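Asker: After the structure tokens below, expect a handful of questions from me.
What follows draws every value from the coordinates through simple rules; no lab data is involved. None of the values given here were measured: they were computed from a predicted structure. Every residue, glycine as well, gets a Cβ built from its backbone with ideal geometry; the counts of neighbours run over all protein chains shown.
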Amino acid sequence: MPTEAKRAEIDALAENVKKSNAIFIVEYRGLRVSQSTAVRKAVRASGGEIKVAKNTLMRIALRESGETTADAINSGPNAYVFAYGDVAAAARALRDFARERGNEALVIKGGILGGRVIDREQVTALADLPSKETLVAMLLGVLNGPARGLVTVLSGPARGLVTALSQIKEQKEKAA
């Protein structure tokens, strides 16, 4: 039976799990304080939050929240990145930070997205996606394409009639 302090931490973690759109699991062993602060700042700017918790407490919080438990939780000191907004932006912040020279100590282990466990490669693929705004703009462009074509086709005969009438007018003006 967890103590009161541990119970409070489990409840706080469970609340974060419920609020988040995705959870990424990273190993932070070997990061200096300045690096840890920098990665927290990058994740916060992308609409996420990093929490360091015991693996057992996180496993309990996931179970209580109805989420699946990732195998990456079982070993090592882990930090949990809760993505509250754009999931791809949080994944991109982690990937970009880990790629920088000197930040190799931050290792992305995997995560949980949409009730499914994802591995490191899937987190990296998620980071390669365009931003949410770009995807929405692309979708709107695809949806507007057929309507734009229909308007062009329907306005064609009217445009042709106007062009023919203006040429007839010009010919009559030249003849007069």
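Asker: Just to verify a number: FRET efficiency for Leu135 and Arg101, C-beta to C-beta distance, R0 = 25 Å, to 0.05? Could the numbers behind the result be given before it?
Answerer: Working: r = 30 Å, r/R0 = 1.22.
It comes out at approximately 0.25.
Asker: Please determine, in degrees from 0 to 90 and to the nearest 10, the orientation of helix 4-19 with respect to the longest principal axis defined by the Cα atoms of the chain, where the helix direction is its Cα long axis.
Answerer: 10 degrees
Asker: Next up: May I ask you to sort Ser20, Ser36 by Cβ crowding, counting other Cβ atoms within 10 Å and putting the fewest first?
Answerer: Numbers: Ser20 23, Ser36 16.
By the 10 Å Cβ count, ascending: Ser36, Ser20.
Asker: For a Förster distance of 45 Å, can you work out the FRET efficiency between the beta-carbons of Glu49 and Val153, rounded to the nearest 0.05? Each step should come with its number before you reach the end.
Answerer: Working: r = 51 Å, r/R0 = 1.13.
E between Glu49 and Val153, to the nearest 0.05, is 0.30.
Asker: Along the Cα→Cβ direction, 7 angstrom out, place labels at Ala175 and Arg116. What is the inter-label distance in nm?
Answerer: So the label points at Ala175 and Arg116 sit 7.2 nm apart.
Asker: Also, I was wondering about something else. What does the charge count around Gly76 come to, taking other residues whose C-beta lies under 9 Å from its C-beta (Lys +1, Arg +1, Asp -1, Glu -1)? Show your work: numbers first, answer last.
Answerer: Working: positive: Arg29, Lys109; negative: Glu27.
Neighbour charge sum, excluding Gly76 itself: +1.
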